[in-house]
Amino acid sequence: MGRDLFFLIPELTLAVTAMVMLVAEMLRLPRLVLTLGLVGLTTATLLTLSVLDANTTVFGGTYRIDMLSGWAKLILLPGTALALLLARAELAGQDREGSVYSLLCLITLGALMLAGSGDMMLLVLGVVLTGLGSFALVTFPRDDAATEAGMKYLVFGSVAGAVMIYGLSFWFGGTGSTLYSELGQLEGRPLIAAAGLVAVIVGLGYKAALVPFHFWAPDAYDGAPVSIAAYLSVITKIAAIFAFAQVLRDLPVSTGWPLAIALVAAATMTLGYVTALVQTNVVRLLAFSSIAQAGYFLLGIVALGVSPLALPAIIVFGAAYVAMNLGAFAVVMIAGRSLDDFAGFGRRRPVIGLAMVVFLLSLTGIPPLFGFVGKLYLFGAAIDAGFLWLVVIAILNSVLALGVYLRIIVAMYSRVEGQANTAPISRPLAVAIAITVIVTLAMGGFAGILPS
Amino acid sequence: MLVLILLAPLLAALVIFALRRAPEVLALFAAALGLLGAAGQMFAVSSGVWSTAVLPFLPDMPIRLVATPLTAILSLVVATVATFVLLYAVGYMRHDPQRVRFFGTMLLFVTAMQGLVLSGDWITLLAAWELIGFASYLLIGFWHDRPGVAAAATRAFLYTRSADLGLYIGAFLLIGVAGTSEISTTLATTGTPALIAGLLLLVAAMGKSAQVPMQDWLQRAMAGPTPVSALLHSATLVAAGAILLIRTAPMLPAGALVVIGIVGGVTAVITGLIALAEKDLKRLLAASTSSQYGLMLVAIGAGAPIAALLHLISHAAIKSSLFIGAGVFQHDRDGTGMESLAGAGRARPGIFAGFALSALALAGIPPLAGFFSKDAVIAATLASPAALWLVPLALAATVLTGAYMGRALRILWAGAAADKTEPAPLMAAGLGALVVLAAVLALSFGPLERLLGVDMAEGGLLAPVLGLSAAISGLVLGWLITPARLLGPIFGFAQRGFVMFGGMDALVARPALAIAAACERLERWLYDLVLGFGRLNLSLGWLAQKIDTKGIDRPIFGLVRRTINTGTRARKLQSGFIHREMALAVIGMAVIVAVLLAAPLYS
């Protein structure tokens, strides 16, 4: 027991932090809530380093302490800290500000459970924990758009969750256990395997916003505050991808899951970018772009168990994605939601404009930025696994991606007679952008320290 | 040395962007340093010292730079042309307020190009390849405020990036087969993988070297400043494709060679025709670039990559001096349209002499460099097993080269030299140096061949005689006869850039748009389908609602009804958006179930 708890120190730190934050919120001290959150997240990140090399499970195999969950913590915890800064910049002074921070930390706790789950019950718990907090955050503005978005999100989430639990019960029936490690018993029982697998794809696909379970995402992101959209597009998505990796690692390949996932990946990438091409609302554009990026993640998933590059690919692209996507959303917070707001933006604010160019190019996958390194790993992994056609689709889509992101860049440097709106940028936002831009720029060169 | 070649331009670019002043001095200094490094490298290699530099990057995938005779020669070519073009650019860009951005980006481009040339590793090459594409996008779109420029830059980027697909897959295929990303090791690949990889690399090379049917972007890229055209479209960006094939030539099996040769030959002829019909001097030069790279591909296809290399080197010097000359005339007449340039040469006899010398060199008149390299290409085609195809194509391209250069010379010379011109010493200096190179470069060919350890097959007298007669007849035709009469019925066709072969517009852009339209229709159809599917339910719901509102609500709760009508939120939710989307999700689930159930059939 003591041993198990030792390995859970980062999670426990986060849980305690979130609780203390709630207490501070009751005292109406939003700044204290924020500080507590940042300190707690930093501490949890540092504590993770001590268990990073472990490869074990705790509580009877239900929770995994391995490379994937360790790096999930190293990616998601700092990512959440950045999201706190973004939220502070957007919501400072509003009523219920502190509760947003503590909710963000609680959702991240659920995300960590997803990323480390070794058991179906934990998977369900993670989906529910991340879901409940997310619904509340999306409806934070309490206006019509947010309410509709939250409602939609909730309905989709309930249906997807119900389907997932129903399907998982088949796996339980088939193996007599809720542990992933027993899934090997499903070899040769295609019907049961398929029932559970569809359920997992629905439940996690909804969480990661994969096509065709993505419909809630653009509305939810657009209705929610931009900082919340940034958080949802990054943290819960990566958690769901990592959870995919944890489940599918143990599922026999003979059930045909790689092809099913590959088809979902192809549809997700293509539909995401094609739809993004026609958006005029930058938040919706980024929403569709993050749908497409989720498809790229799946290139690593299909290679699980076949290519040694698969796990590093998911982790490296995950880290890159957190930095570049959060950064892009942060710039949207400054510029505004409409593509018209970006007209001439790069001329009015040269530094922030340059940062946005870096984020967008990294999302496209231009070397030597971090996103390129991640995509390189993903392509390598998928080719290793024999999914050449999928990589062809992925590369064709990155041509589309260029079109999507260039639309913003071109607008940013068009010549417009406009008011020189150069109100100072709040400090948390500046810090967040600085960190994300440094990571996006520099980590490409230091990718050697990442797992291999 | 290797590091100096790369770091000098890179650091200078960063310093330029940081300081934002004195970009010319820094750029020239860096270019000179890079040239020094490349020359030292060349010296070291020629005295037998090959070196490798490995910089840590991705785990198991370091940045690997190698100096072999081939890479050292190419690096020296790039450094030389870059230096002279930058020298010229100092004059050309003198009045431009954006000089900092210009010189910074140019140096970044040079860094990327040197990285590509010297790379000893597929991953390094991929990264450099992408960087080149991106830097060229910035440079072509340098004057992005002018109409059409941004579109041209985007088009160039999209074309070459689509073709990059070939490089990615080809490189990963080779890495997968050989188990290492080191280029020299992967070149030992044989059999079917080598054939497939070779064809894939050809696709990438076709994009970058503007081969038919992807030639269109290069002409549009002329929207950039002239120094950009001189640098990118002579020795660097466009050369990347040919360099890729030259470097992988030892691996290419006969099947791939034949395809490469034919692609090159067809390009050489078609873009030659386009050049002849062109109405703009810079676009003429651009089309001619495609054509000359076509000839290089012919040489590679004929199994003589060294002949391609020689032609690449001489073309680099010749074409950059032609572009530079064109840029001087462009400054005088504010344009590069053939009509506005009439007589521009007469106003500047010195510049015209340099331009004419380069033009004759390109046409292949002895003793200029172009004669010897073209001779090597033709000799290679004569010795090739596919001579039947390649020789006529190469000769036709040579005639066309003479013809369009002759025509350009005539237009520049004939006509009134009305305007008086201000002297342009820096531009003239850059031009002069390159013209001298273009003229005497041939002297270096012998030592180069020895260094590369290749003895070019001496084709006897047949090749030079064929080449020379083709070149002279082309020059005479071009000088005497207008293209409209020369080309006859295909003139208009060529002038429109052979819309039938019209490159990506027909092959990729339009189908892509059609697919997009089809997708939209499909999506609408899906919605309709789902809608129809659920119509029964919905109408039942409507019926219930009607009974509710009409039978009960209106008489009794009229107020409530009005509230419902104004509550747009609620209405929107009831109108079935989520239902529809849920239904789509269910269709998706059904597809996944079908795939999974079919698993025993394919796994």
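The values are calculated or read from the model by the stated rules, or taken from the named source; none is laboratory data. Fair warning: this is a prediction, and the values are worked out from it, not measured in the lab. Note that each Cβ is placed from the backbone with ideal geometry, even for glycine, and that neighbours are counted across all protein chains shown. All accessible areas refer to the heavy atoms of the entire protein, side chains included, with ligands and DNA or RNA removed. Shrake-Rupley method; radii C 1.70, N 1.55, O 1.52, S 1.80 Å.
Structure above, values below:
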quantity: Any hit, segment A:280-287, residues being within 14 Å of chain B (Cβ to nearest Cβ) and buried (at least 24 other Cβ atoms within 10 Å of the Cβ); calculated: no
quantity: Yes/no for A:Ala230 being within 16 Å of A:Phe288 (Cα to Cα) and touching a Lys or Arg at 6+ places or on another chain (Cβ under 7 Å); calculated: no
quantity: Residue within segment B:216-232 that is open to solvent by 20 Å² or more (accessible area, probe 1.4 Å) and within 13 Å of chain A (Cβ to nearest Cβ) present; calculated: no
quantity: Evaluation of A:Leu154 against (1) under 20 Å from the mean Cα position of the chain (by Cα); (2) within 14 Å of another protein chain (Cβ to nearest Cβ); (3) closer than 15 Å to A:Ala224 by Cα; (4) touching a residue at least 24 places away in the same chain (Cβ under 8 Å) (one fails), failing number; calculated: (4)
quantity: Segment A:247-278, subset part of a helix (DSSP H, G or I) and free of Cβ contacts under 8 Å to residues at least 60 places away in the same chain, residue nearest to the chain's Cα centre (by Cα); calculated: A:Thr268
quantity: Some residue of segment B:152-168 being more than 9 Å from chain A (Cβ to nearest Cβ) and assigned to a loop (DSSP other than H, G, I, E, B); calculated: no
quantity: Of all residues in segment A:138-164 being touching a Ser or Thr at 6+ places or on another chain (Cβ under 9 Å) and of a type in the set (Ser, Thr, Tyr), the one that is least open to solvent (accessible area, probe 1.4 Å); calculated: A:Tyr153
quantity: Qualifying position, being among the polar types (S, T, N, Q) and open to solvent by 10 Å² or more (accessible area, probe 1.4 Å), among B:Thr267, B:Thr336, B:Thr289; calculated: B:Thr336
quantity: Within segment A:343-397, helices (runs of 4 or more DSSP H) holding 1 or more residues that are in contact with a Pro (Cβ under 7 Å, 6 or more places away or on another chain) and within 12 Å of chain B (Cβ to nearest Cβ); calculated: A:370-384
quantity: Single residue of A:Gly174, A:Gly188, A:Gly223 found to be farther than 28 Å from A:Ile315 by Cα, within 11 Å of chain B (Cβ to nearest Cβ) and out of contact with any strand residue (DSSP E or B) (no Cβ under 6 Å at 6 or more places or on another chain); calculated: A:Gly188
quantity: Per-region count, segment B:588-599, residues more than 7 Å from chain A (Cβ to nearest Cβ) and under 22 Å from A:Phe156 (Cβ atoms); calculated: 2
quantity: Any hit, segment A:411-427, residues being at pLDDT 85 or above, surrounded by 17 or more Cβ atoms within 10 Å (Cβ to Cβ) and under 23 Å from the mean Cα position of the chain (by Cα); calculated: no
quantity: Count of residues meeting criterion [within 20 Å of B:Val269 (Cβ to Cβ) and part of a helix (DSSP H, G or I)] in segment B:296-313; calculated: 10
quantity: Given (1) facing chain A (nearest Cβ under 10 Å); (2) within 19 Å of B:Pro227 (Cα to Cα), number of the condition B:Ile123 does not satisfy; calculated: (2)
quantity: Hits in segment B:137-151 (condition: assigned to a helix (DSSP H, G or I), facing chain A (nearest Cβ under 10 Å) and over 20 Å from B:Ala112 (Cα atoms)); calculated: B:Ala150, B:Ala151
quantity: Residue list for segment A:308-334, restricted to those being open to solvent by less than 10 Å² (accessible area, probe 1.4 Å) and farther than 16 Å from A:Phe370 by Cα; calculated: A:Ala310, A:Phe329, A:Ala330, A:Val331, A:Val332
quantity: First in segment B:421-447 and touching a residue at least 12 places away in the same chain (Cβ under 8 Å), second anywhere and among the basic types (Lys, Arg) and not in a helix (DSSP H, G or I), Cβ under 7 Å, 6 or more apart; calculated: B:Thr421/B:Arg348
